[in-house]
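Peer 1: Would you mind keeping the following structure in view while I ask a few things?
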Amino acid sequence: MTNGPSEAVGIGSSRGRADWRLVMLVVSSVLILAGYALPMFPNRITEAVTRYSLGATRWSSFSVLVTEQHYNQNTAPLNQELDSVAIEVAPVTAHAGSGWAWLAQLLAPRERLGKFFSLVVCLALPVIAALYMLAWAWVLLRGKRDTHEQMIVPGFSLALLTPVCLWLAWQHQFDFSARLLGLASAALAPRAGFYLALLGTLLACATAFSYRRDTHRALFSWWWLVLATALLIWLLTRFRPQPYLEIWNFISDGIVVTLRLVATSFGLIVLVSLLGGLGRISHNRIIYGIASLYVEIVRGIPLLVQLLFIWFALPQVFDGIGDLLLAISPGLEGAAAVFYDLRLNPFTAAVAGFTLCYGAYGAEIFRAGIASIHRGQMEAARSLGMTPLQSMRFVVLPQAIRVILPPIGNEFVALLKDSSLVSVLAVSDLTRRGREYMARTFLSFDTWIMVALCYLVLTLFSSRAVEYIESKMRFER
Amino acid sequence: MASETIARLDEQPIIQIENVRKTFDHGKVGALDGVSLNVYRKEVVVIIGPSGSGKSTLLRCINRLEVPDSGKVTVDGVPLTDAENINKVRMEVGIVFQQFNLFPHLTVIGNLMLAQRVVRKRSKAEAATIALDLLNKVGIPEKAEMYPGQLSGGQQQRVAIARALAMQPEIMLFDEPTSALDPEMIKEVLDVMLQLAEEGMTMVVVSHEMGFARAAANRIVFMDDGQIVEDSPPQMLFECPKEQRTCEFLSKILH
């Protein structure tokens, strides 16, 4: 029985300090769990009336959260503006609105889970963190040093997320509607349980942080920067819905277009890069010549000029080919008609332009990557009777991929940014949507800050993703 | 068995090299200067010679990793001239390199299975069985799931030998198989090679391991300056070399 505490002495340099932190872990989880048992969000909105400038009125009543009201506010009747919102608040009966009561209420009807999924996550994460801390304390008590070391970084990340989650859970009741929050925040203010749980999560953060020297792994990963940037966007839309929420609603379909454009182009770029790269190492002089000519010419012309050429000048080229066919023989009318009718839509033109340009850069990356694999690998594969193609496919390329991945990842991020150039081709991407919004409202600063943040989230996220894939593909040489 | 050296005139040699010439850098550097050599079935031929004498180039001509400028190489009756022949011949001729050249992205057993699957079109189970048998034979069955980078040099070279054997070749070529190894690992590789020689594998070995040559070779070929200077059974070569150049070379390497 006395075995446990005496083993715990082994952890940490001095007994007193180790035990102190162990107690902190237990206390923090107890605080969180106790906070969930006390009233947290005891009131909720039951009814809301929205009035608009020309006298239109909308009534809504809510069983749990105010999703519909948020929707009402954002979609005013035609030519009308939101005038005022009146709300009614009622107490949550079960357990006086404790954390458990809210969770039970949200989880009971299954069909609601999808709708309130984010709130469930926000409410559940602190509980998970509390259980994690308890498990951690138990591991320390048992003196399992290896497990303890592995638990530090995830534990700290979890602890750091939970205060934010608690706060978001409170915000969730208003469904992120600024107008409602302004009206109701006093009536819907959180109670003791919330603050107790918040204290517990902060304590958990501090304790986890104090263990940082027991591990060699970095406590903060760069994923936090992605999260922070995304949070910044959300905060802007949340606290300054005029104009940021409006900007967000306006440009968000542009994000989808940008992502679609980049994904389509990148798939084709990898294909063209591979072919170009293989062409550049080919011993066949004609293939080598064609690949080299392509790379040299395309690399020498600015991407913007290539895009403009494909979009504005290519129709003329097609017409010219049609004229030429007719001039050769009137019998080629059908073939000529094909060229006269050949018109790229803006999206296709953009994809073609990116594939052409980035394929040339990618070809050089593939060439260098393949060349970096020792000649002996090819010889070994060939000496076993594999054909050149099989040797490439099974031996050289799988190794080259690991060399190629970082620079190709860079290309992906660069492509993501360069995709903003397509706004000159009438593609409604993120940048073009930003320009359209600015043209309507003249809010240049707010619009471009929002657009820039959106790009930043996308690029930071892709960089991290590339880094992650890279780390998974490492092997011992 | 090592002592019996017979000129088997009635038998067709399995490797026939006739007057092969090879230069590098557009004729500036001569590597092979009219070399002819016959190797018979189940024979073990060790090629020695100073660095730059063309030993490795000659070996690599046998499976056309180097293409001769002129001359003729015939393996098992098939002349090595065009691409169609070459893959057929390479299946029958295994080669082990100085630098192992294992595939670092595959596990040991993956290394042994790849060519079986791709070239011999064997089923996964069949390839795995053969691979494990061979790993047993070279004495490292427990390393099957490891990557080459996790093995010692000697273990890697044994995997390389097993990989070549997995194609069930008629002939094995060894290009200085122990030169890149730490001294204490040389024996484990030579033991595997000795075992192969005893089993009657036709082997052409470029090596300066005189112990191996004495124990296993039927003939030792001494090359210098792109030519074959001397071609004798080991006893004769070690005791009374015919040529002055052979004497000088042997005195240098035998200390």
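The values are calculated or read from the model by the stated rules, or taken from the named source; none is laboratory data. For clarity, every value in this text was computed on a predicted model and none was experimentally measured. Note that we place each Cβ from the backbone using ideal geometry, even for glycine, and neighbour counts take in every protein chain shown.
Peer 1: Before we move on, is B:ASN111 at pLDDT 90 or above, more than 9 Å from chain A (Cβ to nearest Cβ) and closer than 20 Å to A:GLY385 by Cα?
Peer 2: So B:ASN111 passes the test.
Peer 1: In segment B:114-126, what count of residues is obtained for those that are surrounded by fewer than 22 Cβ atoms within 10 Å (Cβ to Cβ), farther than 24 Å from A:SER372 by Cβ and either facing chain A (nearest Cβ under 9 Å) or not hydroxyl-bearing (Ser, Thr, Tyr) (or both)?
Peer 2: Number of matching residues: 8.
Peer 1: Also, I was wondering about something else. Within segment B:199-209, identify whether any single residue is farther than 17 Å from B:VAL39 by Cα, touching a residue at least 60 places away in the same chain (Cβ under 8 Å), within 14 Å of chain A (Cβ to nearest Cβ) and of a type outside the set (Val, Ile, Thr), and answer yes or no.
Peer 2: no
Peer 1: Being surrounded by fewer than 18 Cβ atoms within 10 Å (Cβ to Cβ) and either small (Gly, Ala, Ser) or not assigned by TED's automatic domain parsing to the domain that holds A:ILE301 (or both) is the filter here; which residues of segment A:322-362 pass it?
Peer 2: A:ALA327, A:SER329, A:GLY331, A:GLY334, A:ALA335, A:ALA337
Peer 1: Within segment A:262-376, which helices (runs of 4 or more DSSP H) (wholly inside it) include 2 or more residues that are under 30 Å from B:ALA160 (Cα atoms)?
Peer 2: The qualifying helices (runs of 4 or more DSSP H) are A:346-371.
Peer 1: When residues of segment A:363-393 are filtered for being in contact with a Ser or Thr (Cβ under 9 Å, 6 or more places away or on another chain), crowded, with 22+ Cβ neighbours inside 10 Å and facing another protein chain (nearest Cβ under 9 Å), how many remain?
Peer 2: 3
Peer 1: Among the residues in segment B:136-152, are any modelled with pLDDT of 90 or more, over 17 Å from the mean Cα position of the chain (by Cα) and of a type in the set (Lys, Arg)?
Peer 2: Yes, segment B:136-152 has at least one match.
Peer 1: May I pose another question? Spot the failing condition for A:TYR437; the list is (1) more than 14 Å from chain B (Cβ to nearest Cβ); (2) of a type outside the set (Asp, Glu); (3) assigned to a loop (DSSP other than H, G, I, E, B), and only one is missed.
Peer 2: With (1) more than 14 Å from chain B (Cβ to nearest Cβ); (2) of a type outside the set (Asp, Glu); (3) assigned to a loop (DSSP other than H, G, I, E, B) applied to A:TYR437, the lone miss is (3).
Peer 1: Right, next: Condition check: among the small types (Gly, Ala, Ser), in contact (Cβ under 8 Å) with a residue 24 or more places away in the chain and buried (at least 17 other Cβ atoms within 10 Å of the Cβ). Does A:SER428 satisfy that?
Peer 2: Yes: the conditions hold for A:SER428.
Peer 1: Then there is this: State all residues of segment A:213-231 that are over 13 Å from the mean Cα position of the chain (by Cα) and either more than 18 Å from A:TYR468 (Cβ to Cβ) or in a helix (DSSP H, G or I) (or both); if no residue qualifies, say none.
Peer 2: A:ARG213, A:ASP214, A:THR215, A:HIS216, listed by residue number.
Peer 1: Of the conditions (1) surrounded by 20 or more Cβ atoms within 10 Å (Cβ to Cβ); (2) modelled with pLDDT of 90 or more; (3) touching a Phe, Trp or Tyr at 6+ places or on another chain (Cβ under 9 Å), A:THR162 fails just one. Which one is it?
Peer 2: (3)
Peer 1: Which residue pairs have Cβ atoms under 7 Å apart, sit 6 or more places apart or on different chains, and have a first residue in segment A:373-385 that is in the same structural domain as A:GLY277 (by TED's automatic domain parsing) and a second that is of a type in the set (Phe, Trp, Tyr) and outside any helix (DSSP H, G or I)?
Peer 2: A:GLY376/B:PHE97; A:GLN377/B:PHE103; A:ALA380/B:PHE97
Peer 1: Here is a follow-up. Which condition does B:GLY94 not pass, out of (1) within 11 Å of chain A (Cβ to nearest Cβ); (2) of a type in the set (Gly, Ala, Ser); (3) outside any strand (DSSP E or B), if it passes all the others?
Peer 2: (3)
For (1) of a type in the set (A, V, I, L, M); (2) more than 30 Å from A:MET24 (Cβ to Cβ); (3) loosely packed, with under 15 Cβ neighbours inside 10 Å; (4) in contact (Cβ under 8 Å) with a residue 40 or more places away in the chain, each residue gets a yes or a no:
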| residue | (1), (2), (3), (4) |
| --- | --- |
| A:THR57 | no, yes, yes, no |
| A:VAL85 | yes, yes, no, yes |
| A:GLU88 | no, yes, yes, yes |
| A:VAL92 | yes, yes, no, yes |
| A:LYS115 | no, yes, yes, yes |
| A:LEU125 | yes, no, no, yes |
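Peer 1: Do you know which of the residues in segment B:229-255 that are more than 22 Å from B:LEU58 (Cα to Cα) and among the polar types (S, T, N, Q) is nearest to the chain's Cα centre (by Cα)?
Peer 2: Checking each candidate, the answer is B:GLN235.
Peer 1: Consider segment B:28-86. How many of its residues are within 23 Å of B:GLY200 (Cα to Cα), free of Cβ contacts under 8 Å to residues at least 24 places away in the same chain and more than 14 Å from every other protein chain (Cβ to nearest Cβ)?
Peer 2: Of the residues in that region, 0 qualify.
Peer 1: Can I ask one more? Return the pair list, or none, for Cβ contacts closer than 6 Å from residues in segment A:295-306 that are exposed (fewer than 13 other Cβ atoms within 10 Å of the Cβ) to residues that are in a helix (DSSP H, G or I), at least 6 apart or on different chains.
Peer 2: Final answer for the pair search is A:ARG299/A:ALA360.
Peer 1: Being in contact with a helix residue (DSSP H, G or I) (Cβ under 6 Å, 6 or more places away or on another chain) and part of a strand (DSSP E or B) is the requirement here; does B:LEU32 meet it?
Peer 2: Answer is yes for this residue.
Peer 1: From the list A:VAL451, A:VAL413, A:VAL396, A:VAL422, which one is within 13 Å of another protein chain (Cβ to nearest Cβ) and either in a helix (DSSP H, G or I) or surrounded by fewer than 20 Cβ atoms within 10 Å (Cβ to Cβ) (or both)?
Peer 2: A:VAL396
Peer 1: Among the numbered criteria (1) more than 9 Å from every other protein chain (Cβ to nearest Cβ); (2) surrounded by fewer than 21 Cβ atoms within 10 Å (Cβ to Cβ); (3) more than 26 Å from the chain's Cα centre (by Cα), which single criterion is violated by A:LEU405?
Peer 2: Every condition holds for A:LEU405 apart from (3).
Peer 1: Among the residues of segment B:130-147, is any within 12 Å of another protein chain (Cβ to nearest Cβ), of a type outside the set (Asp, Glu) and buried (at least 18 other Cβ atoms within 10 Å of the Cβ)?
Peer 2: For segment B:130-147, residues within 12 Å of another protein chain (Cβ to nearest Cβ), of a type outside the set (Asp, Glu) and buried (at least 18 other Cβ atoms within 10 Å of the Cβ): present.
Peer 1: Might you let me know whether segment B:215-231 holds any residue that is over 21 Å from B:SER56 (Cβ atoms) and assigned to a helix (DSSP H, G or I)?
Peer 2: yes
Peer 1: Something else now. Which ranges mark the helices (runs of 4 or more DSSP H) fully within segment B:101-174 that have 2 or more residues being among the acidic types (Asp, Glu) and without any contact (Cβ under 8 Å) to a residue 40 or more places away in the chain?
Peer 2: B:124-137
Peer 1: Can we say B:MET193 is buried (at least 20 other Cβ atoms within 10 Å of the Cβ), hydrophobic (A, V, I, L, M, F, W, C) and in contact with a Lys or Arg (Cβ under 7 Å, 6 or more places away or on another chain)?
Peer 2: No.
Peer 1: I've got another one for you. Could you list all residues from segment A:170-221 that are hydrophobic (A, V, I, L, M, F, W, C), modelled with pLDDT of 90 or more and in contact with a strand residue (DSSP E or B) (Cβ under 7 Å, 6 or more places away or on another chain)?
Peer 2: Across segment A:170-221, the qualifying residue is only A:ALA192.
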